[in-house]
1. Failed condition for SER158, given (1) in contact (Cβ under 8 Å) with a residue 40 or more places away in the chain; (2) closer than 16 Å to LEU65 by Cβ, with all others met?
2. Could you say which residue among LEU98, LEU130 is part of a loop (DSSP other than H, G, I, E, B), of a type outside the set (S, T, N, Q) and under 18 Å from SER150 (Cα atoms)?
3. Filtering the range 109-124 down to residues that are surrounded by 13 or more Cβ atoms within 10 Å (Cβ to Cβ) and either of a type in the set (Ser, Thr, Tyr) or in contact with a Lys or Arg (Cβ under 6 Å, 6 or more places away or on another chain) (or both), which residue is nearest to LEU139 (Cα to Cα)?
4. Of everything in the range 36-79, what is assigned to a helix (DSSP H, G or I), aliphatic (A, V, I, L, M) and either touching a strand residue (DSSP E or B) at 6+ places or on another chain (Cβ under 7 Å) or at pLDDT 80 or above (or both)? Give them in sequence order.
5. For the range 125-150, give me each residue that is within 20 Å of GLN56 (Cα to Cα) and surrounded by 14 or more Cβ atoms within 10 Å (Cβ to Cβ).
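The values are calculated or read from the model by the stated rules, or taken from the named source; none is laboratory data. Quantities reported herein were computed from a predicted structural model and do not represent experimental measurements. All Cβ positions, even for glycine, are placed from backbone atoms using ideal geometry, and neighbour counts span all protein chains on display.
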Amino acid sequence: MLNTRLNYGLILTIALPLFAIVASVGTAVVAFSRGDPPLPDQYHWEGDKLDHDFAQSRRASELHLNATIDLEPARGASGVCHLTLTLDGDTLPLEVDLALIHVSNPALDRHVRFVRTANTSTYFARCTPLPPARWHVELSDPQRSWSFRSATTGLHPSAVTVSSSSPADE
């Protein structure tokens, strides 16, 4: 009886480390023979786009972009929304593009082009009320010389403020 227990103990003492060694060698073989393929040669384009996005955002920060967007269509104005924009040291564009990106349902995404009225900082566009949800907001000029992204905090955004100034700037 004692001899049988001793045999099982000896087998476990040798078998467990041996199994770990065999499993490690097997894992190394799989990793070297079927590892992830190298990145394609055209992969750099994604980094270029990201650099371009950062440059547009930096430009918006340099201009101290500040916009208030009223996304609740005015009563009696047949679905017109308002946007007020200020930019330091730059002339206001004639049009401004607003992208409203739904956080989970791309079918609800909206793109609105606001048109400036006369020589004011106020823009108008036709729009419909947004359904309650969280939204990502991107504001840019049509030439995309500047762009700024933000997110709404409320579930039913009727008024959104987009500002590139950081708390340190204020």
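1. Evaluating SER158 over (1) in contact (Cβ under 8 Å) with a residue 40 or more places away in the chain; (2) closer than 16 Å to LEU65 by Cβ leaves (2) as the failure.
2. Exactly one residue qualifies, and that residue is LEU130.
3. Across the range 109-124, the extreme among qualifying residues is TYR123.
4. Across the range 36-79, the qualifying residues are ALA55, ALA60.
5. Across the range 125-150, the qualifying residues are HIS136, VAL137, GLU138, LEU139, SER140, ASP141, SER145, TRP146, SER147, PHE148, ARG149, SER150.
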